[in-house]
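Visitor: Just dropping this structure here.
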Amino acid sequence: MTCFPFLFRKNVSPVAKHDPDINEELSGIQNTRVYTYKELKIASDNFSPANKIGEGGFGSVYKGLLKNGKVAAIKVLSAESRQGVREFMTEINVISEIEHENLVKLYGCCVEGNQRILVYNYLENNSLSQTLLGSGHSNIYFDWKTRSRICIGIARGLAFLHEEVRPYIVHRDIKASNILLDKTLTPKISDFGLAKLIPSHMTHASTRVAGTIGYLAPEYAIRGQVTRKADIYSFGVLLVEIVSGRCHTNTRLPMGEQYILETAWEVFQRRELAGLVDISLNGDFDAEEACKFLKIGLLCTQDTPKLRPPMSSVVKMLTGEMDVDDSKVTKPGLISDLMDLKVREERGDADRKISSSYSTSSPSDSQGTTMSLVASSAASTTFTIKYDQSL
Ligand SMILES: Nc1ncnc2c1ncn2[C@@H]1O[C@H](COP(=O)(O)OP(=O)(O)OP(=O)(O)O)[C@@H](O)[C@H]1O
Ligand SMILES: [Mg+2]
């Protein structure tokens with residue numbers, strides 16, 4: 001973790017600009033640049049719709065020009081995401097200190113009145129979901145070398161969060177829309193540390209988690225076990241997406257082929273992995289490397305969490321410093337295998353009911369997260385997870 005206190009201390013807003021209660025809360029906060037609401041209003045031209053660049057589960061994102069000339073992505077957290085100043089600032093302070101080439105930089109935040117706003121470095125080339133996996137609106141061509149570099153970059157960023165930041169950070173929402181690209185197409189992981197900003201009384205909006213269901217490790221979806229292994233599972237799904245150029249789920253395909261992991265497992269068993277590589281590359285790719293990446297994707301998504309390699313090993317496998325052992329690849333954990341479950345219980349009860357259908361993960365490392373799961377079909381699946389705030 002790199003800390004640049006000289007960068008932040010110099011810029012911390014004069015405390016006098018905030019109301020006295022907030023001044024007191026902010027007094028211990030050293031590293032975070034605090035913006036006034038007015039500053040961000042000016043930067044985003046009054047949060048004008050023309051400057052709105054996206055909307056996610058936490059709120060709306062605006063492009064803005066800061067006083068210092070830097071372009072920023074200004075994320076206005078929705079009303080439900082607003083928690084107490086101290087709690088909020090404690091988390092923000094942790095995120096502010098984290099610097100890595102493959103992580104989006106948090107410039108600072110705003111905590112005036114009810115407002116909770118995050119100010120990030122703006123990335124010029126949008127997210128992987130809107131470019132590589134989008135519906136053809138992007139004019140970026142991702143050749144094999146670029147994809148390989150992107151996969152390695154994401155793995156490095158996640159390895160940093162998992163193994164170098166102290167205490168380590170579980171991202172909890174690794175997915176294509178949280179991988180942003182700068183002007184040289186260097187990938188940057190966004191939204192790390194954000195899950196902890198959700199107040200404990202607030203559960204995820206069902207639509208939001210349903211949108212990311214294809215990335216959820218089974219033990220996370222079923223038991224709410226939020227561990228690094230769940231992130232590694234999501235990374236594995238993303239890796240297969242990047243190599244294949246296909247989204248994790250395509251309900252227009254016949255049953256049995258709708259989930260990319262099902263297909264990856266099938267072609268792996270038939271020793272035809274190269275057939276899954278994106279056809280838009282027109283055969284112009286390093287087949288050995290691409291197949292290796294797909295195998296790593298399968299290693300990361302194995303049903304048993306402890307079989308998934310740590311991110312530092314994933315980086316080494318991707319870069320060729322460590323061999324990938326084919327014989328170690330076991331069947332991926334597929335949430336679709338669980339779709340016939342109909343459960344709506346608080347955790348204790350849920351564990352009892354689920355254990356008869358799902359028994360691969362041990363409850364011992366569960367961290368007290370409660371969840372309800374209602375799963376009937378891919379189309380109508382609704383998850384409501386209450387995050388464990390202690391992680
Ligand atoms: N730092 C940034 N630079 C450029 N664009 C960004 C930045 N952060 C977010 N965006 C844009 O805003 C969109 C919405 O981001 P946001 O994180 O709110 O939602 P999401 O990633 O789609 O979903 P989720 O809330 O689950 O993370 C992104 O898809 C991206 O296009
Ligand atoms: Mg996001």
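The values are calculated or read from the model by the stated rules, or taken from the named source; none is laboratory data. These numbers were taken from a predicted model, which means no experiment stands behind them. As a convention, Cβ positions derive from the backbone with ideal geometry for all residues, glycine included, and neighbour counts pool all protein chains shown.
Visitor: When you go through ILE154, ILE169, ILE150 one by one, which is the residue that is outside the structural domain of TYR62 (by TED's automatic domain parsing) and assigned to a loop (DSSP other than H, G, I, E, B)?
Guide: Only one candidate qualifies: ILE169.
Visitor: Quick test of your reading of the structure: TYR62 fulfils all but one of (1) surrounded by 18 or more Cβ atoms within 10 Å (Cβ to Cβ); (2) more than 14 Å from ILE169 (Cβ to Cβ); (3) touching a strand residue (DSSP E or B) at 6+ places or on another chain (Cβ under 6 Å); (4) modelled with pLDDT under 95. Name the failing condition by number.
Guide: Result: TYR62 passes all but (4).
Visitor: Restricting attention to segment 248-289, which residues are assigned to a loop (DSSP other than H, G, I, E, B) and touching a residue at least 24 places away in the same chain (Cβ under 8 Å)?
Guide: Listed by number, the residues that qualify are HIS248, THR251, GLN258, VAL277, ASP278, ASP284, PHE285, ASP286.
Visitor: For segment 108-117, indicate whether the set of residues that are out of contact with any Cys (no Cβ under 6 Å at 6 or more places or on another chain) and either near ligand 1 (Cβ under 10 Å from one of its atoms) or not assigned by TED's automatic domain parsing to the domain that holds LEU66 (or both) is non-empty.
Guide: No - not one qualifying residue is present in segment 108-117.
Visitor: If you don't mind, there's one more thing I want to ask. Filter segment 47-59 down to the residues that are of a type in the set (Gly, Ala, Ser) and buried (at least 16 other Cβ atoms within 10 Å of the Cβ), then identify the one that is farthest from ligand 1 (Cβ to nearest atom).
Guide: Taking the candidates together, the pick is GLY59.
Visitor: Please work out which one of (1) surrounded by fewer than 21 Cβ atoms within 10 Å (Cβ to Cβ); (2) modelled with pLDDT under 95 is the condition LYS183 fails and give its number.
Guide: (2)
Visitor: Do you know which of the residues in segment 68-83 that are under 14 Å from ASN121 (Cα atoms) and either touching a residue at least 12 places away in the same chain (Cβ under 8 Å) or surrounded by 16 or more Cβ atoms within 10 Å (Cβ to Cβ) (or both) is nearest to ligand 2 (Cβ to nearest atom)?
Guide: LYS75
Visitor: Can you find a residue that is modelled with pLDDT under 95, in a loop (DSSP other than H, G, I, E, B) and not small (Gly, Ala, Ser) anywhere in segment 79-95?
Guide: Looking for residues that are modelled with pLDDT under 95, in a loop (DSSP other than H, G, I, E, B) and not small (Gly, Ala, Ser), one finds at least one in segment 79-95, hence yes.
Visitor: Would you check if GLU101 is surrounded by 18 or more Cβ atoms within 10 Å (Cβ to Cβ) and either away from ligand 1 (no atom under 14 Å from the Cβ) or not acidic (Asp, Glu) (or both)?
Guide: No.
Visitor: So, in segment 118-145, how many residues would count as being away from ligand 1 (no atom under 14 Å from the Cβ), of a type in the set (A, V, I, L, M, F, W, C) and assigned to a loop (DSSP other than H, G, I, E, B)?
Guide: Result for segment 118-145: 1.
Visitor: Just checking, which of ALA50, ALA72 is hydrophobic (A, V, I, L, M, F, W, C), out of contact with any helix residue (DSSP H, G or I) (no Cβ under 7 Å at 6 or more places or on another chain) and either outside any loop (DSSP other than H, G, I, E, B) or under 23 Å from LEU185 (Cβ atoms) (or both)?
Guide: Just a single option satisfies the conditions, and that option is ALA50.
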